[in-house]
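A quick write-up on the structure given underneath.
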Amino acid sequence: MLPLRPWESPEITSWRRLPMHAVDRRPGSIGLDGTWRFQLLPAPDAPLADHWSTLEVPGVWTMQDAGASDPPHYTNVTMPWPHHPPASPAANPTGVHERDIDIPADWAGRRIVLQVGAAESVLIVEVDGQAVGIGKDSHLASEFDLTGVVRPGERSTLRLTVVKWSDSSHIEDQDQWWHGGITRSVLLYTTDPLHLADVAVRAGRDGALRVDCQVRPAGGALPPGWFVSGELEGWGELAQDTAFDAGMRADERVSEFLGEARLSATVTGVRPWSAETPHLYRLTVRLHRADGTVADRSRHRIGFRDVEIRGRDLLVNGERVFIRGVNRHDFHPLTGRTLTVEEMRADLATVKRFGFNAVRTSHYPNDPALLDLADELGLYVVDEADIESHDHAHEIADDPRYLPAFVDRVSRMALRDGNHPSVVVWSLGNESDYGANHDAAAGWLRRHDPTRPLQYEGAAKTDWSSTRIASDIVCPMYASLDEIVAHARSGTQTKPLILCEYSHAMGNSNGTLADHWAAIETTPGLQGGFIWELWDHGILQRLSDGRPAGRAGAGAYADGVAGEGHRWAYGGDFGDTPNDGAFCADGLLFPDRTPKPAMYEHRELAAPVRLSYDGRTVTVHNHQHFRDLSWLTAQWLLSCEDGDEVTAPAALPDLPPGGCAELPVPPGLTAALPADGGETWLTLRVTTAGDETWATRGTEICTPQIRLRERETVPFGTTPARGRVEVDDDGLLLHPLLTAPPVLNLWRAPTDNDLLGGAADLWRELGLDTLVRKPLSVSREGATVSVRSAYDTGAGPVVHEQVLNPVPDGLLIEERVVLPDGLSDVARVGSVFETVAGLDRIEWYGHGPWESYPDRCSAPVGRYGAGVDALFTPYLRPQESGGRHGVRGFTLRPADGGPGLAIRLDSPRQVAVGRYRDRDLADAAHHDELVSRPCPVVRIDAAHRGLGTASCGPDTLPPYLVGAGTYTWSWVLRSL
């Protein structure tokens, strides 16, 4: 009989569920994935109907048509229902999954086990109407012994009932969509009645290898004579550790009482594992019967490496490593949480290509296949337990009813994942306050695995110098740059500081990344952090009926844009209330895995190859911890503001990690410098020399750059003016290439950071989004036209002065604005105008090719070209985007290269060219509401506010704010 209402009993973590282990039973198993019979009940105790629909497993019902009555629901902190823990609502969707299973006849006499990879949130298992067991924890597998329930050679009916809401939901309150269903694969496997119950591996960088084995009989005592052996690829047989159990007889190799054995070896010439050098060895552990035949075996890929904390440094293999991390959820825009191994491999390969070396499994253990891939590709993993009680954190942290769940979830994670070299830190969970339940879980973990540090942000939330034992690492969330630097310099720091979350990637964001990494790389005690997060959780939604597109929607999106008839849905788009809107769209990748511009910013900041220049010598630096430069190749690119780009091969020297050397520039390249001056940049395009496990040969890794020659300042308008400037009665410029004249612009379509950080509210209060131009005066002096205009704001009038002057190569426009003290934080100061239709191709000299802003501009300076439409970045909620920083000049022409216009700027400026006015973007909630304008909208900014990360974290830094004062800028417009 099942326990009474297990979905409201936090003391019950499972019933008849088998212990967690690290033996991979996927090979040789029978997969049960596919189409199952399905019913969605309104509550766990509701009766079954006569009619069954179908559902794909693994797969949440919230994303499939069979679950249409229970769509996805997004909240960040607030639970979707008001009940206090451990209660669940009476309206509690419950999915009944059923299918027939055929048990092979040759499994007779063997142990038969069901494994359900993950179910959200309470799993109840029945076979042929007989209760088998219960599992909780939505992100770890549950296994059940079916040996006495099914009959080999016969068919049985397997029923998996999944209750969506439960006491567990209160500690699974993570920032993601709420779903219900079976999210990972279901399988059956068989073993000998006496089998390897667990295998735990410890392998140090010095070659010391220890393998602890647990042998468990199906029932009764261990038979005599059984033994365990092991073999390491390239090494040979492991030795039996006879000192492991002092009570063991000399001829015994498995303890009869405990069922334990230990194998060991000291492997010489071992190649240590690290994220840069992920060397793996194949280990096979065998369980033998008394006659020597093999009853069971377990295969592992192991890495030899050490992790330790020494002082305030986290060391891998004795080296202080920078943690360039990203937070990762299990997410897919068509299936919710279910990903294939191929999709996970592609995701982690992308992470590697963009310079990340670490992943935090926020906020639960990820699919075990992901750790296999992290081992293989080379990524440090902070493995996090499935504990987040965000809405009721304080109550639950010390609630003894939840003590078993805390310890259970932490211990099962460590038992499953302990053999992975990629796992370098354990995490006790996320945003759950701090209490006795955390200390209990930490105590178990330290005893079980002393080889890894553990962390928990809540344990040091208020005092980073605290000696509380629940965290070996100070891992704050969204601490300001000033705060972390001050702590590192305070003299009180005792632990490494690695931010578990920083730089919130919501919309057009991730400003000041370069400032953060400049401080991290130069301040002892700071060691890195994890950006929040990897991808936008936008669900592909059909516009026809408002339902998730599901697997049928594959192909209905590309390059981050949902295709016709679809859109990317966020909180509230499925009628889900309460919700947190677009806060789930906070990733470095769009839902379809297309990289956002901030990914390229990170790639350059994480560059393994750097350049420096002292005016005579170019020096190359290897910024890796463990690897030389032999896996890379490079090419020089010389780029001049006035002149063609020139390339030449570059021979990277044989540099050890951390080394530097002179890098000669080919004489033919410097000979190509224009004799008449002009700004000149030298870029080193670094690519892979061969295929990597995560990148093909020729993949661009970074583009470090130095400036060889400054831009010469040539004042505009030194030649006597000629011609005539045409303006209307109000002083607005009339020009054959412009459909809307240049006017003052102090506003931008608010980014998510502007909205949630409060800047957008200030701009609205000041009326910056509704500026109305009032002409004050228009005067002529010879060929020169001077125009004064006023714009009313909540801080008083702003006077904009324009001087229009014909010059030999076009029209010179000089502008001046004085912002009063009340305008201490505006979005931009600049000009906006619109050109004639058909100018669909832009070429510019400045930062590129990807989008850049004043506090996110590590893109190299050079000459670039693109279609105007391609400049736009389709952030899920339309907002300011598509800007290019440091533009010196640009041209707009028809796509076929016909006549157009050219603009030369007095100094590097922020420029944006697109199809939408700021109001178009600000008024749209989704991209399907936008209507592209035929006439390009051009914005030239004398100053543009930084992006920051204020949607969740610090705003931009003071140098990137735009406040009161005098702004001048000038530009020449000419026809081509």
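Brief remarks on what is shown
- Qualifying residues in the range 349-370 (those that are in contact with a Lys or Arg (Cβ under 9 Å, 6 or more places away or on another chain) and among the hydrophobic types (A, V, I, L, M, F, W, C)) - the one farthest from T687 (Cα to Cα): A369
- Count - residues of the range 439-482 that are at pLDDT 95 or above, of a type in the set (A, V, I, L, M, F, W, C) and closer than 17 Å to A414 by Cβ: 7
- Scanning the range 444-459 for residues that are closer than 27 Å to R205 by Cα and in contact (Cβ under 8 Å) with a residue 24 or more places away in the chain yields W444, L445, H448, D449, T451, R452, P453, L454, Q455, Y456.
- The range 872-895, subset surrounded by 24 or more Cβ atoms within 10 Å (Cβ to Cβ) and of a type in the set (A, V, I, L, M), residue nearest to R567 (Cα to Cα): L876
- From G133, G153, G148, residue being more than 27 Å from A397 (Cα to Cα), without any contact (Cβ under 8 Å) to a residue 12 or more places away in the chain and of a type outside the set (V, I, T): G148
Listed here are the residues, each with its yes/no results for (1) outside any strand (DSSP E or B); (2) touching a Phe, Trp or Tyr at 6+ places or on another chain (Cβ under 7 Å); (3) crowded, with 18+ Cβ neighbours inside 10 Å; (4) at positive phi.
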site: R788; (1), (2), (3), (4): no, no, no, no
site: T793; (1), (2), (3), (4): yes, no, yes, no
site: V799; (1), (2), (3), (4): no, no, no, no
site: N805; (1), (2), (3), (4): no, no, yes, no
site: I813; (1), (2), (3), (4): no, yes, yes, no
site: V818; (1), (2), (3), (4): no, no, no, no
site: S824; (1), (2), (3), (4): yes, no, no, no
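- One residue from I484, I520, I498 being buried (at least 20 other Cβ atoms within 10 Å of the Cβ), part of a strand (DSSP E or B) and β-branched (V, I, T): I498
To keep it simple, each residue is scored yes or no on (1) in a helix (DSSP H, G or I); (2) touching a Pro at 6+ places or on another chain (Cβ under 8 Å).
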residue: E376; (1), (2): yes, yes
residue: D391; (1), (2): yes, no
residue: V407; (1), (2): yes, no
residue: E431; (1), (2): no, no
residue: R447; (1), (2): yes, no
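- Of all residues making up the range 600-648, the number that are of a type in the set (S, T, N, Q) and touching a Phe, Trp or Tyr at 6+ places or on another chain (Cβ under 7 Å): 2
- From the options C952, C935, residue that is touching a strand residue (DSSP E or B) at 6+ places or on another chain (Cβ under 7 Å) and closer than 19 Å to T739 by Cβ: C935
- Filtered residues of the range 278-315 (kept if touching a Gly at 6+ places or on another chain (Cβ under 7 Å) and of a type in the set (V, I, T)): T284, V285
- Tabulated pairs, the range 335-356, first closer than 19 Å to T699 by Cβ, second surrounded by fewer than 22 Cβ atoms within 10 Å (Cβ to Cβ) and modelled with pLDDT under 95, C-beta under 9 angstrom, 6+ apart or interchain: none
- Residue satisfying condition, being over 30 Å from R110 (Cα atoms) and either acidic (D, E) or surrounded by fewer than 22 Cβ atoms within 10 Å (Cβ to Cβ) (or both), within set F331, F322, F304: F322
- T462 being assigned to a loop (DSSP other than H, G, I, E, B) and touching a Lys or Arg at 6+ places or on another chain (Cβ under 7 Å): no
- Count - residues of the range 1-51 that are closer than 20 Å to S411 by Cα and basic (K, R): 3
- Of residues in the range 792-832 being without any contact (Cβ under 8 Å) to a residue 60 or more places away in the chain and not β-branched (V, I, T), the one farthest from T751 (Cα to Cα): E801
- Count of the range 774-808 residues, restricted to those that are acidic (D, E) and farther than 24 Å from G965 by Cβ, is 1.
- Only residues that are β-branched (V, I, T) and not in a strand (DSSP E or B) were counted across the range 845-895, and they come to 2.
Matching residues to (1) of a type in the set (G, A, S); (2) surrounded by 24 or more Cβ atoms within 10 Å (Cβ to Cβ); (3) touching a Cys at 6+ places or on another chain (Cβ under 9 Å):
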| residue | (1), (2), (3) |
| --- | --- |
| D313 | no, no, no |
| G355 | yes, no, yes |
| P365 | no, yes, no |
| Y380 | no, yes, no |
| D398 | no, no, no |
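- Every residue from the range 593-651 that is within 30 Å of the chain's Cα centre (by Cα), part of a strand (DSSP E or B) and of a type in the set (A, V, I, L, M, F, W, C): V609, L611, V620, L632, A634
- Selection within the range 896-917: residues that are assigned to a strand (DSSP E or B) and either of a type in the set (G, A, S) or at pLDDT below 95 (or both). The member of this set that is surrounded by the most Cβ atoms within 10 Å (Cβ to Cβ) is A912.
- Taking first residues from the range 661-672 that are touching a residue at least 60 places away in the same chain (Cβ under 8 Å) and partners that are acidic (D, E) and buried (at least 17 other Cβ atoms within 10 Å of the Cβ), no Cβ contact under 6 Å between residues at least 6 apart in sequence or on separate chains turns up.
- Just one of the listed residues (L187, L160, L140) is touching a residue at least 60 places away in the same chain (Cβ under 8 Å), surrounded by fewer than 21 Cβ atoms within 10 Å (Cβ to Cβ) and touching a strand residue (DSSP E or B) at 6+ places or on another chain (Cβ under 8 Å), and it is L187.
The values are calculated or read from the model by the stated rules, or taken from the named source; none is laboratory data. Here the structure is a predicted model, which is why all the values come from computation and not from measurement. Heads up, the Cβs are rebuilt from the backbone with ideal geometry, glycines too, and the neighbour counts pull from every protein chain shown.
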